[in-house]
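The values are calculated or read from the model by the stated rules, or taken from the named source; none is laboratory data. Predicted, not measured: the structure shown is a model, and the values here were computed from it. Cβ coordinates were reconstructed from backbone atoms using ideal geometry, including for glycine residues, and neighbour counts include every protein chain displayed. In case anyone asks, the SASA skips ligands and DNA or RNA and just uses the protein heavy atoms, side chains included. Shrake-Rupley method; radii C 1.70, N 1.55, O 1.52, S 1.80 Å.
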Amino acid sequence: MSAHSTMHRILVVGGGGREHALAWKIAASPRAESVFVAPGNAGTALDTRMTNVAIADDDTQALVDFARENEITLTVIGPEAPLAAGVVDGFEAAGLACFGPDAAAAELEASKSFSKDFLYRHDIPTADYAVFTDDAAAIDFIASLPPPIVIKADGLASGKGVEIAPDRPSAETAAQRMLADSGRIVVERYLEGEEASFMVMVDGTHIVPLASSQDHKPAFDGDTGPNTGGMGAYSPAPVVTDAVAERAMRQIIEPTVHGMAADGRAFRGFLYAGLMIDSDNNPRVLEFNVRLGDPETQPICMRLASDLVDLVEAGVNGDLNTLEPVWHDQVALGVVMASAGYPGSIEKGHAIRGLDAVDNTAIAFHAGTRLGDDDSVRTAGGRVLCMTALGSSIADAQASAYRGAAAIDWPGAWYRGDIGHRALERRQDL
Ligand code: AMP
Ligand code: GLY
């Protein structure tokens, strides 16, 4: 039997929309003998091709024990927290195949000061910055930057540790507050441009770029309101032209992967560069994530024509140079449906109506959902579903995703009405 026909027993770690999409794509592989999701959500519970396992995503010992007892041959970690907590280190110590960076490589996301210092040391384009542990020095640096000024808390903050201060006094206040909270902050120059998500798979050495994507981080229409984990996403992102993608690979991704290896932190896993692309098409790094984006993964998994098990296996074995993913030509777009109050404090426990009424042009990837005792699907988080559809154009995919969202209801359910607007404005022909 050739390596590419071995069957796998696969464990997906995490319980959000990204993990539902990964498990959905993995379960479609002829090479998936069994698919387990820890802890999963109602969406992965209801899909008969996969089984939820009640283990927290960062409980390394319980995950390793489960993988051993159930003869898991391939594990994929979705979220950043288990990566930063060293789940991959635990699997490697146990001799188990696991796709994701170890804790040392995960610092690229877990510590903003580590990642900014890394970018600077390796001459990779990013915003000018400085790292501070005391107020006076931070205030001096703030005085040297033109507003708006960006202040970031160090450490994992789920997108909530960043403040864009419109003027110096508010930058000083934000710096003092975040220093009191986290002890260490990054102050950086504001970058103009358009953001895009550039994600790749890395096996330590070789790099495979994934399709481009863009998400909408602000909560409300017109990209207004508080920052969220992402209210919707689509792929491809028209702003990422071939020329931009080529620069992102050459100026950012390749030096990052080589630099991490040279620093003794070889990176294996999904790597996500949040880019700001200026009007001259120059990409700069806003942040690294050491995992796939959520909700970007939902449209990307729908567009991926290749077998994800082949790709993940090659990622673990160091063979990514032998594979090139194939993408459907269609556009994919996902609309996040959220609970009342998100991204602040939210209501949970409402029964979700209409899931059966979604026509088969859209897929409701679940995020914050759980199965109630009566087998009803209940809300259990801020981002609840990501209604995702393929289409021949952005407008077409958008229409299908919104038709799906309109079929769903629970008390307080809401979503943005303009997901994809930047792509539509840029590409009138799409
Ligand atoms: P981060 O968690 O570092 O990606 O920051 C969250 C969001 O803040 C980003 O998606 C951007 O929209 C914005 N942001 C962060 N840093 C900058 C910057 N230097 N210039 C402009 N916007 C920024
Ligand atoms: N959607 C942004 C992220 O996953 O970080």
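Just one of the listed residues (N281, N317, N289) is over 17 Å from N41 (Cβ atoms), of a type outside the set (G, A, S) and within 16 Å of ligand 1 (Cβ to nearest atom), namely N289. Within the bounds of the range 10-17, is there any residue that is more than 18 Å from the chain's Cα centre (by Cα), under 29 Å from T256 (Cβ atoms) and open to solvent by 30 Å² or more (accessible area, probe 1.4 Å)? No, the conditions are met nowhere in the range 10-17.
Candidates are the residues of the range 229-280 that are of a type in the set (G, A, S) and in a strand (DSSP E or B); the one that is surrounded by the fewest Cβ atoms within 10 Å (Cβ to Cβ) is G274. The condition of being modelled with pLDDT of 95 or more and within 18 Å of E19 (Cβ to Cβ) holds for only one of R353, R370, that being R370. Among the residues here, T224 does not qualify as surrounded by 24 or more Cβ atoms within 10 Å (Cβ to Cβ) and away from ligand 2 (no atom under 16 Å from the Cβ). Pairing residues of the range 137-154 that are more than 11 Å from A171 (Cα to Cα) with residues that are away from ligand 1 (no atom under 12 Å from the Cβ) and aromatic (F, W, Y), at Cβ distances under 9 Å and at least 6 apart in sequence or on separate chains, gives D154/F114. Listed by position, the helices (runs of 4 or more DSSP H) enclosed by the range 103-164 that each have at least 1 residues that are open to solvent by less than 40 Å² (accessible area, probe 1.4 Å) and among the charged types (D, E, K, R) are 103-110, 112-121.
Could you pull out the residue among E192, E172 that is touching a helix residue (DSSP H, G or I) at 6+ places or on another chain (Cβ under 7 Å) and open to solvent by 30 Å² or more (accessible area, probe 1.4 Å)? Checking each option against the conditions leaves just E172.
Yes or no, residue by residue, for (1) part of a strand (DSSP E or B); (2) within 13 Å of ligand 1 (Cβ to nearest atom); (3) of a type in the set (G, A, S); (4) without any contact (Cβ under 8 Å) to a residue 40 or more places away in the chain:
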{"residue": "P169", "(1), (2), (3), (4)": "no, no, no, yes"}
{"residue": "T173", "(1), (2), (3), (4)": "no, no, no, yes"}
{"residue": "R177", "(1), (2), (3), (4)": "no, no, no, yes"}
{"residue": "V187", "(1), (2), (3), (4)": "yes, yes, no, no"}
{"residue": "V208", "(1), (2), (3), (4)": "yes, no, no, no"}
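For A362, only one of the following conditions fails: (1) surrounded by fewer than 19 Cβ atoms within 10 Å (Cβ to Cβ); (2) farther than 22 Å from F220 by Cβ. What is its number? Of the numbered conditions (1) surrounded by fewer than 19 Cβ atoms within 10 Å (Cβ to Cβ); (2) farther than 22 Å from F220 by Cβ, the odd one out for A362 is (1). Scanning the range 387-413 for residues that are more than 24 Å from the chain's Cα centre (by Cα) and part of a strand (DSSP E or B) gives a single hit, D409. Among the residues making up the range 314-330, those that are in a helix (DSSP H, G or I) and open to solvent by less than 60 Å² (accessible area, probe 1.4 Å) are A314, G315, V316, L320.
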